[in-house]
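So the structure is just underneath, and the comments pick up after that.
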Amino acid sequence: MSYVELHCHSNYSFQEGASSIDEMVSRAVELGYPALALTDHGNLFGAINHYRACADAGIKAIIGCEVYVSIGSRHLRKAARGLKHASNHLVLLVKNQTGYKNLIKLVSKGYLEGYYYNPRIDKELLREYSEGLICLSGCIGGEIAHLIQHEGVSTAEEAAREYMDIFGDDYYLEMQRHDIDVEE
């Protein structure tokens with residue numbers, strides 16, 4: 001069984017990632033990874049470079065994005081749940097060509113229709129464009145983690161079930177360990 005990074009930010013994730021795509025792919029090869037995902041925040045700017053670098057290195061490129069999901073409608077422009085930007089993180093990974101096209105649509109609509117501090121989408125768009133995508137619940141900035149911390153496990157479970165309704169068997173709870181107390 002091989003390990004694969006499914007939540008990675010490159011220097012295309014402004015103020016989040018420091019490594020170039022070439023550095024990330026080189027490190028993945030060095031560690032013997034068969035594949036590597038690129039999930040930059042709110043954009044697909046590095047997707048083609050990532051795909052080419054992985055192909056040149058002989059590993060599978062996984063295209064994705066850590067999107068911002070608005071709390072409520074993407075059209076609302078006001079703070080929600082104590083967050084001035086009114087959004088939570090969610091990781092989407094491409095399974096196939098349909099998923100790639102849907103991810104492009106989601107990211108584009110985030111910029112064109114939902115921009116408020118970040119390019120936000122909403123659950124209405126996720127329902128419309130979920131085909132061909134795998135969904136990870138996200139980091140501590142994700143809705144599930146945020147709800148566990150601020151509203152309790154039962155509210156978080158309700159939100160997780162809504163994502164399960166949208167993505168079915170392609171929805172996964174993400175676990176991270178970065179020595180951040182709240183991740184425990």
Of the criteria (1) in a helix (DSSP H, G or I); (2) open to solvent by 10 Å² or more (accessible area, probe 1.4 Å); (3) of a type outside the set (Lys, Arg), which one Leu125 fails: (2)
Take Cys8 and tell me if it is open to solvent by less than 40 Å² (accessible area, probe 1.4 Å), in contact with a Leu (Cβ under 8 Å, 6 or more places away or on another chain), in a loop (DSSP other than H, G, I, E, B) and touching a residue at least 24 places away in the same chain (Cβ under 8 Å). yes
Pick from segment 125-153, criterion on the phi > 0 side of the Ramachandran plot and under 17 Å from the mean Cα position of the chain (by Cα), ranking: modelled with the lowest pLDDT: Gly138
Of the residues in segment 34-51, how many are part of a helix (DSSP H, G or I) and open to solvent by 70 Å² or more (accessible area, probe 1.4 Å)? 3
Segment 130-170, subset charged (D, E, K, R) and either outside any helix (DSSP H, G or I) or out of contact with any strand residue (DSSP E or B) (no Cβ under 6 Å at 6 or more places or on another chain) (or both), residue least open to solvent (accessible area, probe 1.4 Å): Glu162
Just checking, does segment 23-45 include any residue being of a type in the set (Val, Ile, Thr) and in contact with a Pro (Cβ under 7 Å, 6 or more places away or on another chain)? no
Of the residues that sit in segment 70-119 and are assigned to a helix (DSSP H, G or I) and touching an Asp or Glu at 6+ places or on another chain (Cβ under 8 Å), which one is most open to solvent (accessible area, probe 1.4 Å)? Thr98
Within segment 12-33, which residues are open to solvent by 50 Å² or more (accessible area, probe 1.4 Å), modelled with pLDDT of 95 or more and in contact with a helix residue (DSSP H, G or I) (Cβ under 9 Å, 6 or more places away or on another chain)? Asp22, Ser26, Val29
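The values are calculated or read from the model by the stated rules, or taken from the named source; none is laboratory data. These figures come from a predicted structure and were not determined experimentally. Using ideal geometry, Cβ is built from the backbone for each residue, glycine included, and neighbour counts are taken over all protein chains shown. For the accessible areas, the whole protein counts, side chains as well, though only heavy atoms, and no ligand, DNA or RNA atoms are used. Shrake-Rupley method; radii C 1.70, N 1.55, O 1.52, S 1.80 Å.
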